[in-house]
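Report on the following structure.
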Amino acid sequence: MRHAVTAAWVVFLFSIPLWMTDLYILHILISAGIFTIAAISLNLLLGYTGQLSLGHVAFFGIGAYTSALVSLGFDLELTDSYTFVFAPWPVWIAFIAGIAAAGLFGWLIGKIAFKVRGAYFVIVTISFAEVVRLISLNWVDLTEGPMALNNIPPFGVAIPGLWEQTFYQKLPNYYLILVVAIVCYIVVRRLVRSRAGRAMIGLRENEALASSVGVDVTRYLVLATVISAAMAGAAGGLYTHYIRIVDPDIFLFIYTVTMVIMVVTGGKGTTAGPVVGGLLFGILPEVLREFASPEVQWVIYGVFMIAVVFFLPQGIVPAVTSWWKARFAAPEGGLGTPEGAR
Amino acid sequence: MTDTALSVEGLTVHFGGLVAVSDVDFVVREGEIASLIGPNGAGKTTAFNVITGFLQASAGSVRYRGASLDGLRPNDVADLGVVRTFQKTSLFSGLSVIDNMLIGLHRRGRGRVWEILLALPRIKAEERDLRMQAAAILEQVGLSHRGGELASDLPYGEQRLLEVAIALAARPSLLLLDEPASGMNPSETQDFMNRVSAIRDQGTTIFLVEHDMRVVMGISDRVIVLNQGIILAEGTPEEIRRHPEVIRAYLGGAAADA
Amino acid sequence: MSNLKRVALFVAGIALAAAAPIAGSAETIKIGVTQPLTGAVAASGNYVAQGAKIAESFLNASGGLLGKKVQLIIEDNKSNPKEAVATAEKLIVRDKVPALMGAWSSTYTLAVMPKLMEYGVPMVVETSSSGKITTSGNPWIFRISPTSAMEAQSFGTKVGQFNIKKANFLVVNNDWGLGASNQFQKMLKSKGIAVGVVETMDAKATDMSAQLAKIKAAGGDTVFVTTGVEQITLVLKQMKEQRVTQRVITTGGSSSPDQLIAQAGAAAEGSFHLLFFAPWFPGSAPNPEVATAFVNEWNKRGHNFAGLTEGFRGHDGIMTIAAAIKAAGKAEPKAIQKALWGVKVDGVNGDIAFIKQGPKGKESAQNIPNVYVVTIKSGKVALP
Amino acid sequence: MPEFLQHLLNALILGGTYALLGIGLTLIFGIMRVVNFTHGELYTFGAYMVFFFVMVLGVNFFASILLAMALGVALGALIEFVLLRPLRGADIDTTMLVMIGAWIAMQNLEQFTWTGIAKSIDHPFPLDPLVIGEVSVSWVRVFVFAFAVLLIAVTYLLIHWTRLGKAMRATFQDRETAALMGVNVKGIHTLTFAFGSCLAAAAGALLGPVFVVAPTIGDLAALKAFAIVILGGLGSIPGATLGGFVLGLAEELGAGYVSSGYRDAMGFLLIILVLVFKPTGLFAAKERIG
C-alpha cells in the first residue's frame, strides 16, 4: 500500500511536464525543486543532528560558484609574470566539483561545530556565510564580484560525435532536478533510518548519553555536515546551470532563512517535512506575487514562522501524520516516533 | 575473580581553586560489584566523569584492563567496554523505547555509510539483527511490553531501567551506575537489585555510586568510601558497616538500620 | 506517505489556479518592463518606471500603435539579478510581450541576456553602462544608454577646462563603478593626467571615512565618484567632515544634483556631475519640444523633480520600442528586432539611432547619447 | 602618520556606538539566554523614529533622540511580552526561530512603511569639523561618541549600583536561585529586554543622522553586534565594550591598510579566529559552551 502511494506520487511528479504546457509554472516548479533539495539538506543538520546552522546558504553558494567557475574556466593573475589559467571543464564534472567543494567546507564547519555549540555555533555559521559572501563580492578577479558570473553553460547530455542535447529548455531541467531531489530524499531517508542516522538523532536528543554508549560525536556531526553541505552544493550547482547566472547575493542570509522556514514549517526531523515546506514556500511567493508586494509577503512569512513555532511546533508533516493516525489507526513501525518532538 | 579490571591512581581533580578529588587510589576487580559511597559532594560523580572521559583529571591516571583511559573521549572509553549511566535520568526522551535501544546498540552495528546509502543486503540483515538484540535486552530488564512507547511516557522506575538497558546494549564489560536506584520505591528497588546481580552473573563487572544503603549493602562485594575528596575506607559491606570512621563521618544510623 | 498525497493535491490545485487567468486580450500591444522597484536601487528604478508610464500615456493619447492601445507590464526585479531573470521569464512566457525594456543595472541586464537569446525577444537597455553588454554577441540587445567608455570619451573633450593634475577614484564595487573607473583612468592617462588611488565601496556601505582618509593622504586635486545618489550624499558630507578638499566629479548620470543640494547642503557646493539629461535647461536639449513636453508632464504628475535625470530613460526606451513596432507593422519579436536597427527617434536625451557593436554576425546595437556636465553653485544647478 | 591618527580617531568614534550595540545584545543574552535577532531592527526603528520626529514632525533634534529611545523601550517590552514570555523554558533554538521570524516581519514592515529609499536626517551641528592638529572629526560624531559613552556609563552604574542591577546580576548568575530569593524574574526579563532594546534604538537614533536611514541598515548592525558579543564572550558587558572598540579598530585599519572591500568582513574573520582558538571569547563570562 505504502509502496503504491509512493509510486503514484513519483509517477505524478514525472508526468507534470507532459500535461503542464505553461512553461512559467514549470519554471516555478523547477525553482521550488531546487530549494526543496536545499531544505532536505538543511533538515539533516537542523532536524536530525539538532544543529541550527544559519550559514547553510554558504554551502549552496559555494556549490553554485564552484560549479560555475569550473564550467566557465577562469584565470587568476597570481604574480605579474604568472597567470594561473583554468580551462573550462564539462558541466557534469563542474557539478561534481561543486558538490565536493561544498562538502569540503562542510567538513571544516563540522570540525568547528564540535568546538562550539548553541548560540556560538549559530553565530559562527552566520559569520561563515557572511565572510564567503564578502569574498565573493570582493575577489573580483575570480568571481567577477557584483558583476556576477554570466552565461554559465547549462547541463547537457551527448553521445560523442552522434547526438547531443543541451538543457536550454525547461523540460530536461525539470527532470534533472526531480531526479536529484529524489536521490537526496532517498539518501536522507536511508541515512536516518540507519545506525549512522540514529547516532545523529542520539546526539540531538542527548549528547552525553549518546557518547557514553560509544557514539563518536565529532565523527557523526562532521559526517552530517559534510553530507548536508554536499547536497546543498548540489542544489547550488543545479541552480547555477539552470538560472545561468550567479552573483554574491546568492549568499544573502534571507535565503538561509527561507530554507529554515521551509524545514521548520514542513516538520524538522521528518523526511517528508522539507519536501512539503520546500514546495509550499517555493510556490507560495509566485501565487502571492499577484496580490502582495514583496515586503508584505515577507511580513506574512515572518509572522507565519512565529505562528508555526507557537501553534504547530513540530511542523505540518508530524501534525498531519498524527491526525491521520488518530483517525485511521494502524500505527506503523520504523522510527515510529513523533520525530522532532523535543 | 581477583584480577584488577579498573585501577585509579593518584586521581586529583580541581575546579578552579576547589579540590573535588584529591590523590585517590582504588581498584575495581573483574566480576565483582563494587560500590563507591560518600556524602554529597564527596567527589563520587566527579570520579565517574573522569573514568568515562567526560572530565579531564588534573593529575593521576585511570587504567582499564591494562589500557590507559587518560585523555580518551567518552566514546573511546565505551569502545574499551566501560559504559556508564547518569545521576539524573538520562534518556533519548523524544524517541520510542526501541529507538533508545537501537542507539544504545550503536557499537554493535558495523554498517558503513556507503553501504547504508546503497542499502546493501547486509545492512538490512544487520538492522534485523539489531532489532532482535534490542528486544532481547528489553526482555532481560523486563521492558518488552514498552517497546513502542515514547521513553518520556514511561513511569520513573522504568525510565531508570531503560537507562541500564541502553548501557547494556553497548555491551559493557564494566558497567558504571550512577545512583541508579534513587527515587525508586522499595519494591522497584528490590527488583532492580535482582536485575543488577543477574547482570553481574552474566559476566559484567559493576561499579556503583549509590545513596541507598540497602542497595549498597545488599549487593556489593566491596565498598569504597569517599569523603571530601579522599578515600576514607575500603572493604566488604560488613567491614564498612563496622568501620568507626565511616560511622562517624557518614553512615551514622543508616548502618544500624541495614 | 499519505501526507505526500496531500502535497500532490495542493500542487495540482496551485497549478490549476495559476493556469486559469492566462488568456490575454489581443486589443493591446504589450511591452514588458523590468526595473528595480524595491531593494537597494529602488529609487532610480521607480523613476525609470514613471518615465516609461509617461511614454505609454503619450503614445495612447496620440492613438496608440497600429490602432491598438499600448500596455506596459512593469515587473519588479527587486534589485537582484536572479529576480531580473525571473521577471524576464515571466514577461516573455506568461505575458507574451514582444519586446522588453530593462533591467537598469548592468548586472541585471547581463543576467537577463541569455533569456533573450533563448526566447528570441529584443530588449532595449535604458541605463546599464557595462561594455560587456554590447560586445558579448547578443543580437537582441539595443542599448540607448552610453557605455562608461563613451561617457569617458565624451568627458575627455571637456577635461581640459578642469585643469586636473592628479585624480583619485572612489567607486561602488560593481560593474558600473569599476567600469567607470577603468575607462576614466584610461582617458585621464591618455591626456597625461596622473591617477592617485582607486578606492571601492560596497553599494550598501554608509561609512566611507577609511577610504576618504586614504584619498586625502594620496593628495591630488580631483576625485571621481561613481555610485548612486544616496552614497554620493554621504561621500560629500564625509569629505567635508574629514576636510578632503579635492574637487568632486560624479560620473554615471545617477547623481541627481537636486537631491544632493537638498540632502548634502553646503557639502555639495562646487561639485560637478556628468548627466545624460539636464532637466533644468530642457530648452537647450537637442529636441527641446520633446524634452519640455516630458518635463511638463513629469511635473504635472507630481513626480519628484530630482528623478528626471533618471526618468527620461524610461520615456526614451519605450518610445524607441514604439517606433520599431510602428515601423515593423506588427508586434512580433523578430520583426521588432529587425525594425529597431532602422529607427530614428527624437528622444529626451537626443536623437536615438543604433550602430553595430560586438562580434560580427551577431552584433548588438548601441546608441550614441549626449553627455552633459553641470555644477552646483550657490545651492543651484548651473552649467559650468 | 596623520592618516594613521585619523584612522585611530575614526575607530574610537565608531567603537563607541559598536560597544553600545554590543552591550544591549550581550545583556539580553546573558540574562535571558535569548539570541536577539530583532536587535538590528530596533536599531533601524530608533533611526526611523528620529527621522520621523525631526524631518516629519519637526521636533527638536535632541528631544527626538530621547523620544526614540523611549519608544525603543516600549517596543522591546512589547516584543518580550508577546513573543518571549510565552516561550520561557523553551530551548534556545525555538526562541531563535521566533526571533528570526520577528526580525523578518519587522524589517519588511519598515520597508513597507518607509519604502526602500534611503532617508537622511538633518542635525543642528555645524558642517565644519572639529580640527585637532592633523586630524579632524565632525561635531555630530563627537556628540554621538559622547552620548554613547554616557549611555555605557549609565549602564554600568545601573548594573552595579542599583537594586535593579543587583537583581539582574542575580538572575544572570542563576535564574532559579534568584527566583527563590524573591527576585521577580519575569519582570527582570521584560526590563532587561526593554533596556537592551533601548540601547539598540539609541545606537540607531545616534547614527541615523550621521549616515542615512534605510530599512536594511539593521542587518549589518545586528551582524556586527553578534561579532562584538562573541569577541567579548556572550554575556560579558566589559567584553562587549572592549569588543566594540576592537571591532571598530579592526574595521578601520582593515579598510585603511588592507582593502576597503573587506571592511565588513573583519568582524566575522575575528569571530572565526577567536572561536577557533578561544571558543568562549576574549572575556569568558560565567558561561559554559554547549
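The values are calculated or read from the model by the stated rules, or taken from the named source; none is laboratory data. Worth saying up front: this structure is predicted, and the values here are computed from it rather than measured. A quick note on method: Cβ atoms are made from the backbone with ideal geometry, for glycine too, and the neighbour counts reach across all protein chains shown. Only protein heavy atoms, including side chains, enter the accessible area calculation; ligands, DNA and RNA are left aside. Shrake-Rupley method; radii C 1.70, N 1.55, O 1.52, S 1.80 Å.
Compared with the dominant principal axis of the Cα atoms in chain D, helix D:139-161 is inclined by about 20°. For residue D:257, the shell of other residues with beta-carbons less than 10 Å away shows a net charge of -1, using +1 for Lys and Arg and -1 for Asp and Glu. According to the Cα-based calculation, Rg over Rh for segment D:21-96 is 1.07, with Rh computed by the Kirkwood formula. Taking all protein chains as shown and a probe of 1.4 angstrom, residue D:143 keeps an accessible surface of around 40 Å².
Contact order for segment A:141-289, expressed relative to its length and based on alpha carbon pairs under 8 Å spaced 6+ residues apart, stands at 25 percent. Ligands, DNA and RNA left out, the 1.4 Å accessible surface of segment A:27-173 is 68% carbon and sulfur atoms. Shape class of the protein assembly as shown from the Cα gyration tensor (axes a ≥ b ≥ c, square roots of the eigenvalues): prolate, since a/c reaches 1.5 or more and a/b is larger than b/c.
At a 1.4 Å probe radius, which order do C:75, B:9, A:164, A:286 fall into by accessible area, largest first? Kindly include the intermediate steps, with their values, before the conclusion.
Details: C:75 25, B:9 100, A:164 140, A:286 50 Å².
The most accessible residue leads, giving A:164, B:9, A:286, C:75.
Rounded to the nearest 10 degrees, the angle from helix D:39-51 to the longest Cα principal axis of chain D is 50 degrees. Surface listing: D:150, B:232 arranged by accessible area from highest to lowest gives D:150, B:232, probe 1.4 Å. Counting protein heavy atoms only, segment D:6-109 has 77 percent of its accessible area on carbon and sulfur, 1.4 angstrom probe. Just to be sure I understand the rule: take each whole DSSP H helix in chain B, project its Cα atoms onto its long axis, keep it if the span is 15 Å or more and its mean Kyte-Doolittle hydropathy is at least 0.5. Which ones pass? Qualifying helices, which must be both long enough and hydrophobic enough, are B:156-169. Can you give me the % of accessible surface on segment C:150-275 that is carbon or sulfur? Probe 1.4 Å, all protein chains present, nothing else counted. After summing per-atom areas, the C and S share lands at 51 percent.
Note the buried accessible area between D and A here, summed over both chains, with a 1.4 Å probe, in Å² to the nearest 100.
3600
In percent, rounded to a whole number, the relative contact order of chain A is 30, using alpha-carbon pairs under 8 Å and six or more apart. Could you report the accessible area of residue B:58 in Å², rounded to 10, computed with a 1.4 Å probe on the protein chains as they sit in the structure? Counting only protein heavy atoms, residue B:58 exposes about 60 Å² to solvent. Going from the isolated chain to the complete set of protein chains, segment D:3-47 loses at least 50 Å² of heavy-atom accessible area (1.4 Å probe) at D:3.
Would you compute the Debye intensity of chain B from its alpha-carbon atoms alone, equal scatterers and no solvent, and pass along log10 I(q)/I(0) at q = 0.11, 0.15 Å⁻¹ to two decimals? Values returned for q = 0.11, 0.15 Å⁻¹ are -0.62, -1.10. Placing unit charges on each Cβ (+1 for Lys and Arg, -1 for Asp and Glu) gives chain B a dipole about its Cα centre, and among B:211, B:130, B:145 the Cα reaching farthest toward its positive end belongs to B:130. Here segment D:133-284 is treated as a Stokes sphere of Kirkwood radius computed over C-alpha pairs; at 20 °C and 1.002 mPa s its diffusion coefficient rounds to 124 µm²/s.
Provide a list, ordered by number, of residues in segment A:275-290 showing at least 20 Å² less accessible area with every protein chain present than when their chain is taken on its own, using a 1.4 Å probe. In segment A:275-290, residues shielded by partner chains: A:276, A:279, A:280, A:283, A:287, A:289, A:290. Once C binds A, the 1.4 Å probe can no longer reach about 4100 Å² of accessible area, counting both sides. Taking every protein chain into account, the 1.4 Å probe leaves residue B:70 with about 70 Å² of accessible area, to the nearest ten.
Can you give me the accessible area per residue for segment C:150-275, using a 1.4 Å probe, in Å²? For segment C:150-275, the solvent-accessible area averages 30 Å² per residue. The angle separating the long axis of helix D:265-277 from the principal Cα axis of greatest extent in chain D is about 40 degrees. Computed over protein heavy atoms with a 1.4 Å probe, the accessible surface of segment A:160-247 works out to 30 Å² per residue. Taking the alpha-carbon centroid of each part, what is the distance from segment B:199-232 to segment B:117-139 in angstrom? Segment B:199-232 and segment B:117-139 have Cα centres separated by 35 Å. Using the 1.4 Å probe convention, the accessible area of segment D:1-144 works out to 34 Å² per residue with neighbouring protein chains retained. The value for chain A of Rg(Cα) / (2.2 N^0.38 Å) is 1.01. Computed from the alpha carbon positions, the gyration tensor of segment D:1-145 leads to an equivalent ellipsoid with semi-axes of 33, 21, 13 Å, biggest first. With Rh defined as the Kirkwood radius, the inverse of the mean 1/r over Cα pairs, the Rg/Rh of chain D is 0.97. Shape annotation for segment D:95-179: C-alpha extents along the principal axes are 55, 39, 21 Å, from largest to smallest.
Share of pairwise Cα-Cα distances greater than 32 Å in chain C is 35 percent (whole percent). Summing both sides, the accessible surface hidden between A and B at a 1.4 Å probe radius is close to 2800 Å². Scaled against 2.2 N^0.38 Å for its residue count N, the alpha carbon radius of gyration of segment C:150-275 is 0.95. Mean separation of Cα pairs under 8 Å and 6 or more residues apart, divided by the residue count, gives chain B a relative contact order of 25 percent. A Cβ-based charge dipole, computed about the Cα centre of chain D with Lys and Arg at +1 and Asp and Glu at -1, lands at about 880 debye. Placing +1 on the Cβ of every Lys and Arg and -1 on the Cβ of every Asp and Glu, with no other charges, gives segment C:150-275 a dipole of roughly 540 debye about its Cα centre.
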